[in-house]
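Below: one structure, written as structure tokens.
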Amino acid sequence: MKLCIVGIGGCGGHLAERFLNNQDISLLKKSLGEHVSFGGVKGLWLEADVQETENQDFFGPLERGCYPGFFVPHDVIGSESKTSKLIVDRYGYDVKKQGFMRQAEFLKAVFEIFESDEDVKRTALSEHESENPILRAAWDRIRPYTTLTGPRDNNNGSEMCDGILFLVSFGGGTGTGFVNPITRYIRSERPAYPVFVLGVLTEEGTDPQQRAKEAKRDLGATISLYDLLTKRVGVGVDGVIVIDNQIMVEKFGQNYPAIDDYIHQAMKPFVAARHYPGEDPPSLAMREKFIEGLDHPPILVPCYFRDRRRKDPEENLVKKALSEGMLFGCDPAMAERAYVFTRGFVGLDKILGAVARQTGLAEDRIEPWRKLGENHADEILILLRNPYGEERGCEVKGNLEYRIHRVIRMALRYMDDPESNLIPDGMPDLTKTSLEDYFYGDDGVRGRLKVGLQRIEEGKTPFFLDERRIFERSNLNSGVLEPHRGGRKVDDEEIRRLVEGEVKRVLAERGL
Ligand SMILES: Nc1nc2c(ncn2[C@@H]2O[C@H](COP(=O)(O)OP(=O)(O)OP(=O)(O)O)[C@@H](O)[C@H]2O)c(=O)[nH]1
Ligand SMILES: [Mg+2]
């Protein structure tokens, strides 16, 4: 799988820089040849705050043909835009606000409006030739790097990426809020194209920039994770790779550049291109492996270790990866599956045996993919699928349940704090009622998070159940939105049809 890397927001941009860095010899930052990133990845950075794009010099404006480039999606909405005015007048949300608002629910609300309000859609269509112009523009910038480019683009297919990896933090506003709408938007067009998210969960206490309290960041993280994990397979992403900044900060101190270098290093076996002969499955087949047997996207915990080349390295690599090498705390014995990526000289049977022994998984639940490595070192990345679900597992420090339980408790605390002002004054009644209902209503997020906590305590999986929208299209003809009334149900049959259609289309495109 050759990945298209899309960093979103501050953390996403810093990480994307690591992945997209040029390996070619460069002089004074000018490449002497073609820009070649590790693993042949390509990609871009989506940012909402122009100021942030001016504070760095790695990415240039895509509009000016720069590579690697950044793009500010809401720039497609002009300052005199009727669409923007309609949304401000009816809902009180200003999509032109610089950097948006640092809240996950802001972007969630805005894109639900674009999806559901017929007047907004009509106005946007006449003004921007798209009902959802911000997401359309973002997707239009991503797609040319993928095998999904239209036939007229005349790109060399083998150069193109056959999967997307979004890089975000869970805890800010931009990455946290944008990742769901954009992945959902891509999915509505391409149900079977591999799409993964790597999300860095914000650390405990204060972050170095001290921009927001932990509880506030945790509410954003919770909303984003909730929305990612409750979509059905084929509607949502194919996996959410989680990394805990808390573990990273304990390892490296509050040094984001060092943390980001390490995260990139740890993901190298996943993105590396040089496969062992016969161990390079088509990306659609790999995607199938990740979601096999699941209704909802899995959580994937990365465990990484790198060691100088030794004789018989397998047992030690696996052992270290599953202990000191976990990038998010968990109990590996709880994993349902393991996807193993190695670089270097390792034996297939030995790796399978070592992972089976140390996780308790049957060998048919372990998927190994070997790649050629660097001189003098072997490395391993194990992605553990859904390694949680033990009764009272949330009481054991170091477990996934323990960390997520804390994040949800913090989110609830923030929701219950009157100073949080989650229903801003001055918003139109429609928005106030919708937010009130979304957060605090009988079927609201507050109640659902409490259920989530209980499910975690009881060791049930998954801990979040059904999707929850802020706005729901309840009256198609008038175009007036009403608060959520249960969500659109996408049944299994519809998903199956969408996925089958997509598989057929891709096979036909490749003449298979
Ligand atoms: N590992 C790592 N974590 C980061 C980095 N930058 C920010 N974070 C974490 O991510 C959280 C959110 O910050 P950003 O990613 O900058 O937020 P954003 O997505 O740009 O959203 P805004 O709040 O709208 O700026 C912070 O609280 C940190 O926990 C980074 O470079 N590396
Ligand atoms: Mg930011």
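Being more than 16 Å from ligand 2 (Cβ to nearest atom), in contact (Cβ under 8 Å) with a residue 60 or more places away in the chain and more than 20 Å from the chain's Cα centre (by Cα) narrows it down to one of Arg287, Arg274, so name that one. Steps first, answer last, please.
On the way: Arg287 fails: more than 20 Å from the chain's Cα centre (by Cα).
That would be Arg274, the only listed residue that is more than 16 Å from ligand 2 (Cβ to nearest atom), in contact (Cβ under 8 Å) with a residue 60 or more places away in the chain and more than 20 Å from the chain's Cα centre (by Cα).
Condition check: closer than 22 Å to Glu131 by Cβ, out of contact with any helix residue (DSSP H, G or I) (no Cβ under 6 Å at 6 or more places or on another chain), open to solvent by 10 Å² or more (accessible area, probe 1.4 Å) and at pLDDT 95 or above. Does Glu80 satisfy that?
On the way: closer than 22 Å to Glu131 by Cβ: yes; out of contact with any helix residue (DSSP H, G or I) (no Cβ under 6 Å at 6 or more places or on another chain): yes; open to solvent by 10 Å² or more (accessible area, probe 1.4 Å): yes; at pLDDT 95 or above: no.
Against the criterion (closer than 22 Å to Glu131 by Cβ, out of contact with any helix residue (DSSP H, G or I) (no Cβ under 6 Å at 6 or more places or on another chain), open to solvent by 10 Å² or more (accessible area, probe 1.4 Å) and at pLDDT 95 or above), Glu80 does not qualify.
May I ask you to list the residues in the stretch 320-366 that are touching a strand residue (DSSP E or B) at 6+ places or on another chain (Cβ under 8 Å) and part of a helix (DSSP H, G or I)? Outline the logic, then answer.
Filtering the stretch 320-366 for residues touching a strand residue (DSSP E or B) at 6+ places or on another chain (Cβ under 8 Å) gives 320-322, 324-330, 332, 335-346, 348, 351-352, 355-356, 359, 361, 365-366.
Correct list: Lys320, Ala321, Pro332, Leu348, Ile351, Leu352, Val355, Ala356, Thr359, Arg365.
Quick grid of which residues meet (1) closer than 13 Å to Phe463 by Cβ; (2) open to solvent by 20 Å² or more (accessible area, probe 1.4 Å):
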{"position": "Ala377", "(1), (2)": "no, no"}
{"position": "Glu390", "(1), (2)": "yes, yes"}
{"position": "Gly393", "(1), (2)": "yes, no"}
{"position": "Val396", "(1), (2)": "no, yes"}
{"position": "Leu400", "(1), (2)": "yes, no"}
{"position": "Met410", "(1), (2)": "no, yes"}
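If you check Ile186 against the conditions, is it closer than 20 Å to Phe19 by Cα, touching a residue at least 40 places away in the same chain (Cβ under 8 Å) and buried (at least 20 other Cβ atoms within 10 Å of the Cβ)?
No.
Report yes if some residue within the stretch 381-389 is over 26 Å from the mean Cα position of the chain (by Cα) and either part of a helix (DSSP H, G or I) or at pLDDT 95 or above (or both); otherwise report no.
no
Could you list, ordered by first residue, the pairs with Cβ atoms under 6 Å in which the first is in the stretch 32-61 and in a helix (DSSP H, G or I) and the second is open to solvent by 10 Å² or more (accessible area, probe 1.4 Å) and aromatic (Phe, Trp, Tyr), at least 6 apart or interchain?
Thr53/Phe70
Can you tell me which of Val200, Val240, Val233 is more than 12 Å from ligand 1 (Cβ to nearest atom), within 18 Å of Cys303 (Cα to Cα) and touching a residue at least 60 places away in the same chain (Cβ under 8 Å)?
Details: Val200 fails: more than 12 Å from ligand 1 (Cβ to nearest atom); Val233 fails: within 18 Å of Cys303 (Cα to Cα).
Unique residue meeting the criteria: Val240.
Can you list the helices (runs of 4 or more DSSP H) lying wholly within the stretch 243-299 that have 3 or more residues being among the aliphatic types (A, V, I, L, M) and within 27 Å of Arg187 (Cα to Cα)? Full working, then the answer.
Working: elements: 245-252, 256-271, 283-291.
Output list reads 256-271, 283-291.
Give the residues of the stretch 274-318 that are among the aliphatic types (A, V, I, L, M) and surrounded by 15 or more Cβ atoms within 10 Å (Cβ to Cβ), sorted by residue number.
Within the stretch 274-318, the subset among the aliphatic types (A, V, I, L, M) is 284-286, 291, 294, 299-301, 317-318.
Across the stretch 274-318, the qualifying residues are Leu284, Met286, Ile291, Leu294, Ile299, Leu300, Val301, Leu317, Val318.
Residue check: is Tyr256 aromatic (Phe, Trp, Tyr), within 16 Å of ligand 2 (Cβ to nearest atom) and more than 27 Å from Arg365 (Cα to Cα)? Lay out the reasoning, then the answer.
On the way: aromatic (Phe, Trp, Tyr): yes; within 16 Å of ligand 2 (Cβ to nearest atom): yes; more than 27 Å from Arg365 (Cα to Cα): yes.
The answer is yes for Tyr256.
Output the helices (runs of 4 or more DSSP H) that fall wholly within the stretch 104-217 and possess 2 or more residues being within 16 Å of ligand 2 (Cβ to nearest atom), or say none. Working first, answer last.
Working: elements: 104-116, 118-128, 133-142, 174-189.
In the stretch 104-217, 104-116, 174-189 are the helices (runs of 4 or more DSSP H) which contain 2 or more residues that are within 16 Å of ligand 2 (Cβ to nearest atom).
Please go through the stretch 109-131 and pick out each residue that is within 23 Å of Phe70 (Cβ to Cβ) and surrounded by 21 or more Cβ atoms within 10 Å (Cβ to Cβ).
Passing the criteria: Val110, Phe111, Phe114.
The values are calculated or read from the model by the stated rules, or taken from the named source; none is laboratory data. Remember, predicted model here, so these are calculated numbers, not experimental data. Neighbour counts run over all protein chains shown; Cβ positions are idealised from the backbone, glycine included. Each accessible area value is taken on the protein alone, full model and side chains, heavy atoms only, with ligands, DNA and RNA left out. Shrake-Rupley method; radii C 1.70, N 1.55, O 1.52, S 1.80 Å.
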